[in-house]
Amino acid sequence: MRGRLRRERPQGTPRWNSLDSKAERTIRNGVRVDLRWILLHLTEETARHNGHLDILRELLDGATGK
């Protein structure tokens, strides 16, 4: 169809209906986590790595963020 954007999900991509949707796989301790836990964990890890990078940058250039 012309003029319409057709979106296809890659094979194996989960469909999330809500933040309470459970993952198909378990984490290390055998618990099935929900999308809310996954997003929170990703946000936390991203913030942690950004903090590490900021410390390294400050060590390299001597400037601190204010």
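Quick notes
- Debye equation applied to the C-alpha atoms of the stretch 18-66, log10 I(q)/I(0) at 0.13, 0.16, 0.17, 0.23 Å⁻¹: -0.49, -0.59, -0.62, -0.81
- Point-charge dipole on Cβ atoms (K/R +1, D/E -1) for the stretch 18-66, about Cα centre, debye to 20: 200
Laboratory data are not the source of any read-out in this text; all were calculated from the coordinates shown. All values reported here derive from a predicted model rather than from experimental measurement. Because the Cβ atoms are built from the backbone with ideal geometry, glycine has one as well, and the counts that use them run over all protein chains shown.
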